[in-house]
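Novice: Here's a structure for you.
None of the figures in this text is laboratory data; all of them are computed from the coordinates on show. On a predicted model such as this, the values are computed, not experimentally measured, just so you know. Quick reminder, even Gly has a Cβ in these numbers, built from the backbone with ideal geometry, and neighbours come from all protein chains shown.
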Amino acid sequence: MDVGHWLEGLGQSNPVALAAIRVVLLVLPILVLVPGLIWLERRLLSWMQDRIGPNRTGTVTFPSNFPLKFLAGKKVRTFGLLQPIADGVKLFLKEDVTPSAIDKLVYFLAPFLALFPAFALGATLPWASTGFMPFTSIPGPYSLLTPVANVEIGILYVLAISSLGAYGLVLAGYASNNKYSLMGGIRASAQLISYELGMGVSLACVALATGSLKMPDMVMQQEAALWGVAEHIQNWFVFTPWGLVSAIVFLICLVAETNRAPFDLPEAENELIAGYHTEYSSMKFAVFFMGEYAAMFLLSGVFAAVFLGGYNLVPVRWEHLADTYPAMAGFYGAMAKLNYWLGPLWFLGKCAGGVAFFIWLRATLPRLRYDQLMSLGWKTLLPLAVANFIVVALYIVFTSLYGPAGGWGAWGGATLVLVLLYLNIAAATRKGPLASPPRRIALVDGTEAPASLREREQVKT
Amino acid sequence: MLGRGIFQAVFGEFLPILLLMLVAAVVAGAMVTLSWVLGPKKDTPYKSSTYECGVTPVGNAIERFPIKFYLVAILFVLFDIEVVFLWSWITVFKGATIQYQVFSGVAVGIYLVLWIIGDAYVIKVGALEWDEEPQVAPEKLLPTPVEAPTIAAGSHS
Amino acid sequence: MTANQVAFLLVGGLAALGATGVVACGEKPVRSALCLVLNFFLLGVLYFMLGAELLGIIQVMVYAGAIMVLFLFVVMVLALQSQEAPRHKERRWPLAIVGAIALAATVASVIVTFDPSPFSQPVGDGYGKPQAIGAYLFTEYALPFEVASVLLLVGIVGSVLLARRNA
């Protein structure tokens, strides 16, 4: 039986059931993949750090007298894939130590509030093509399955739900009644709200250029010709100048929003024990990590959909190629079909690639200081995103006034003016040399440190 | 009317989102409660005391916090609202007529200039500087020469 | 009862419950704030049910996502604890009852004299969508929009001045 027709019939006779199918298709992969992501992180990190990592769990050695002859005496390896499952079972069965000095209601609510937004985040995220099937003008079955709800406010929903994520962390810190937890919780929420601004404005740039807040529309616009010129290549937003700026801002904000290294100050273990989840044990402790990984995965999906062409494997317009070169139409047509029907797979691949990028960052970059974190978010990313927003708006106005040349002229001019403006503001607000004299070092016996040592210690201004 | 379609009728295209939120709430709730139900419970005073690196906790953890955090939060609210105003503009701007584009473009331009002034002011006065200069003169930070402690023989305290 | 009424009673009732919780948890400010978050969130759902989707999502984003974080910060910055909160030992029941009756009478008078006819007409096609708001806010209501930006600028300057150590 044809799946597409069956879904269409179901949508008419029982929309709730169709909605339920969509929800399951979104939530189930996350539930299944989060342990896989934890395995990926541990293996990848250990590979980058020249360690082995978890590689034993699930390896079975069959005895030499095993009834199945081809298995006897053999080792079956699973590369440690069962490790996160074993960890999960362990965590569920562990004692749930509840400290006595806590605010009990808030203490139990906090992990819930950390996990809930992570799962609810993906409602407007398309994981497969919502457009026509290749070489037809019939909407394919995917358009009935994804996104969960194709509402007008699309990307605003993602921002609104991810802004609710701050509660889980700050409440965990508060409820634990532990000084380190509270410090971690407050740091976490201050960090989240600081980077939410840059995230919102960078997405606003894309929405402005697309003219829609719907994420499926954004992906479809990326299937147009590159810069309106190169007809065989898709116009992924990361290839456009404004899109690149937005993508960089969004990516940095993404890392900060998910509390990942180098922005993992809320759980900086060398100063705050484990930050906001110090007092949590067993599965409640793991729930924070599940939330973190699910958010990481879904926000990577948002990044892929908004900047990296969503469910398209490579930025090539196969259908257009097939139309232009009839001699190769067979091959290009097959590629177009492959691109369409395996769309979910490409999308998953991009999400996993995003997570791998997060892990790579963690293995590479040292943690930021708190003042660096704040100044990066407020003084660099936010002005950059707003400048980008102004540039995109000017580009659109001047394109409709004077055509493409006017648009690009306005783009260049506005970029120049804004860069000069920013440099001027930066120069005007730069701090002069430190008001206080350079630090002196007293040696243990009370005498002054020798001049050579003092010079090395002087603060460079 | 009170059949299956009731919530479909009220929530329309938002029904799947409502459903997703319910599922998310159930999954998250199950995760939190299951371990509490499944795990053993052997509570001892030491185990349930606050863990602060083994040091006995002093006083209450909830103490007054630097006002910087409050300032960050209130600036976030203000800047967030500034962006919120623009979302509706974003959806119309691209496909609108030239008249609308120019007129609303000027309006938003003025708006954004005020935004930049606000942001520049925040940066200028150093409202988001976290490394404040020490209030104490550096001379006072120098440790005074420590004399060797004199320990009276036989006294243990 | 129509489906609308059932859903409204459900969501509205929960929202009212949340609002009650704000007062009932008066001795634990963080729980109060949490009840307010629930209340704001459900208000957003109510906006959605009215078809005002942009307003609904902004309600969730700004009130539940931003302003309540600020509230929580205030609670934490001031270290409001139950022992510090002012406690009214004497119960002012008579005053409370009079107040409740007055409020109920006001609400009832509005309900009785309410003329639903303008609200029973179907709304326009793009009602509540961001496009409809964008079309009006930046043309007909451009001046209030600019005034709002001045207001926000004043807010920024004011909050920075208030929070400075040696202003």
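Novice: Taking a ≥ b ≥ c as the square roots of the eigenvalues of the Cα gyration tensor of the stretch B:11-124, is the shape rounded (a/c under 1.5), prolate (a/b larger than b/c) or oblate?
Specialist: Working: a/c = 6.66, a/b = 1.66, b/c = 4.00.
Judged from the Cα gyration tensor, the stretch B:11-124 comes out oblate (a/c at least 1.5, b/c at or above a/b).
Novice: Next up: Do you know the relative contact order of the stretch A:1-89, to the nearest whole percent, from alpha carbon pairs under 8 angstrom that are 6+ apart?
Specialist: Details: 77 pairs, mean separation 19.6, N = 89.
Reported relative contact order: 22 percent.
Novice: Please quote Rg/Rh for chain A to two decimal places, taking the Kirkwood radius as Rh and restricting both calculations to Cα atoms. Before the final figure, lay out the partial values.
Specialist: Details: Rg = 26.3 Å, Rh = 25.3 Å.
Dividing the radius of gyration by the Kirkwood radius yields 1.04.
Novice: Can you put B:THR50, C:THR139 in order of Cβ neighbours within 10 angstrom, beginning with the fewest?
Specialist: C:THR139, B:THR50
Novice: Right, something else. By average Cβ neighbour count within 10 Å, what is the ranking of A:349-355, A:15-21 from highest down? Working shown, then result.
Specialist: Numbers: A:349-355: 19.6, A:15-21: 17.4.
Packing order, densest peptide first, comes out as A:349-355, A:15-21.
Novice: Right, here's the next one. Where in chain C are the DSSP H helices whose alpha-carbon span along the long axis reaches 15 Å or more and whose Kyte-Doolittle mean is at least -0.5? Intermediate results must be reported in sequence, preceding the final value.
Specialist: Values: long enough: C:3-24 (31 Å, 1.65); C:29-49 (30 Å, 1.80); C:93-112 (28 Å, 2.22); C:142-163 (32 Å, 2.23).
Helices passing the filter in chain C: C:3-24, C:29-49, C:93-112, C:142-163.
Novice: Going by how many other beta carbons lie within 10 Å of each one, how would you line up A:ARG22, A:ARG77, fewest first? Working shown, then result.
Specialist: Numbers: A:ARG22 21, A:ARG77 12.
Ranked by crowding around the Cβ, least crowded first: A:ARG77, A:ARG22.
Novice: Now, a different point. Can you return the lysines within cross-link range of A:LYS90? Criterion is Cα-Cα under 30 Å, with same-chain partners fewer than 8 residues away left out.
Specialist: Partners within reach: A:LYS74, A:LYS75, A:LYS104, A:LYS179, A:LYS284, B:LYS41, B:LYS42, B:LYS47.
Novice: In percent, how large is the relative contact order of the stretch A:381-430, given Cα pairs closer than 8 Å and 6 or more residues apart? Mind dumping the intermediate values first?
Specialist: Working: 28 pairs, mean separation 14.8, N = 50.
Relative contact order for the stretch A:381-430 comes out at 30 percent.
Novice: Please list, short to long, the whole-number percent of alpha-carbon pairs of the stretch A:211-360 in consecutive 5 angstrom bins beginning at zero.
Specialist: Bins of 5 Å from zero give 2, 9, 14, 18, 16, 12, 9, 7, 5, 4, 2, 1, 1, 0 percent of pairs.
Novice: For the protein assembly as shown, compute Rh as the Kirkwood radius over C-alpha pairs and then the Stokes-Einstein diffusion coefficient at 4 °C and 1.567 mPa s; write the answer in µm²/s, rounded to an integer.
Specialist: Numbers: Rh = 29.4 Å.
Reported coefficient: 44 µm²/s.
Novice: Shifting gears a bit: Provide the gained length on full extension for the span A:VAL3 to A:LEU361, in nm with one decimal, where the gain is 0.36 nm per separating residue minus the Cα-Cα distance. Don't skip to the end; give the middle numbers.
Specialist: On the way: separation 358, 0.36 × 358 = 128.88 nm, distance 4.15 nm.
Length gained, A:VAL3 through A:LEU361: 124.7 nm.
Novice: Still on this structure, I have one more. Per residue of chain C, what 222 nm ellipticity follows from adding -39500 (n - 2.57) for every DSSP H run with n ≥ 4, rounded to the nearest 500? Show your work: numbers first, answer last.
Specialist: Details: 7 runs with 109 residues, N = 167.
Here the helix-only value at 222 nm equals -21500 deg cm²/dmol.
Novice: Just want the ordering: A:TYR311, C:TYR47, A:TYR340, A:TYR276, from fewest to most Cβ atoms lying within 10 Å of their own Cβ.
Specialist: Numbers: A:TYR311 27, C:TYR47 19, A:TYR340 22, A:TYR276 33.
Listing A:TYR311, C:TYR47, A:TYR340, A:TYR276 from fewest to most nearby Cβ atoms yields C:TYR47, A:TYR340, A:TYR311, A:TYR276.
Novice: Can you bin the stretch C:1-83 into rounded, prolate or oblate? Criterion: square roots of the alpha carbon gyration tensor eigenvalues sorted a ≥ b ≥ c, rounded for a/c under 1.5, prolate for a/b above b/c, oblate for the rest. Before the final figure, lay out each step's value.
Specialist: Numbers: a/c = 6.38, a/b = 1.71, b/c = 3.73.
Because a/c hits 1.5 or more and a/b fails to exceed b/c, the stretch C:1-83 counts as oblate.
Novice: What number, rounded to the nearest 500 deg cm²/dmol, is the helix-based mean residue ellipticity at 222 nm of chain A, given -39500 (n - 2.57) per DSSP H run of at least four residues and division by all its residues?
Specialist: Numbers: 17 runs with 288 residues, N = 461.
Rounded to the nearest 500, it is -21000 deg cm²/dmol.
Novice: I've got another one for you. Full-extension gain between C:VAL107 and C:ARG164, please, as 0.36 nm times their residue separation minus the C-alpha to C-alpha distance. Write down the numbers at each step before the final one.
Specialist: On the way: separation 57, 0.36 × 57 = 20.52 nm, distance 4.37 nm.
Here the answer is 16.1 nm.
Novice: Averaged over peptide C:43-54, how many Cβ atoms belonging to another chain are found within 10 Å of each residue's Cβ?
Specialist: Working: counts 0, 1, 5, 0, 0, 9, 4, 0, 2, 0, 8, 8.
Mean shielding by partner chains, rounded to a whole number: 3.
Novice: How big is the C-alpha Rg of the stretch A:321-395 next to the rule-of-thumb value 2.2 N^0.38 Å, as a ratio? Walk me through the intermediate numbers first.
Specialist: On the way: Rg = 21.2 Å, N = 75, 2.2 N^0.38 = 11.3 Å.
That works out to 1.87 for the stretch A:321-395.
Novice: Across the residues of A:181-190, average count of Cβ atoms on other protein chains within 10 Å? Can you show the working numbers first?
Specialist: On the way: counts 4, 6, 2, 0, 2, 9, 1, 0, 8, 9.
Mean partner-chain Cβ count within 10 Å for A:181-190: 4.
Novice: Another question, if that's okay. May I ask you to derive the FRET efficiency for A:ASP50 and C:VAL157 from their Cβ-Cβ distance with R0 = 56 Å, giving the value to the nearest 0.05? Write out the running numbers ahead of the final one.
Specialist: Values: r = 53 Å, r/R0 = 0.95.
Between A:ASP50 and C:VAL157 the formula returns 0.60.
Novice: On to the next question. Please report the relative contact order for the stretch C:1-83, taking Cα pairs under 8 Å with a sequence separation of at least 6, and give it as a percent rounded to a whole number. Intermediate values should be presented prior to the final figure.
Specialist: Details: 77 pairs, mean separation 23.5, N = 83.
28 percent.
Novice: Give the calculated FRET efficiency between A:LEU416 and A:PHE135 to the nearest 0.05, with a Förster radius of 51 Å applied to their Cβ-Cβ distance. Intermediate results must be reported in sequence, preceding the final value.
Specialist: On the way: r = 45 Å, r/R0 = 0.88.
For R0 = 51 Å, the calculated efficiency reads 0.70.
Novice: Next question, about the same structure. Among rounded, prolate and oblate, which fits the stretch A:52-206 when a ≥ b ≥ c are the square roots of the eigenvalues of its C-alpha gyration tensor, a/c under 1.5 means rounded, and a/b larger than b/c means prolate?
Specialist: Working: a/c = 2.86, a/b = 1.14, b/c = 2.50.
Judged from the Cα gyration tensor, the stretch A:52-206 comes out oblate (a/c at least 1.5, b/c at or above a/b).
Novice: Okay, next question. Once the Cβ-Cβ distance between C:TYR136 and A:LYS74 is put in as r, and R0 is 41 Å, what FRET efficiency do you end up with, to the nearest 0.05?
Specialist: Working: r = 73 Å, r/R0 = 1.78.
According to the calculation, E is roughly 0.05.
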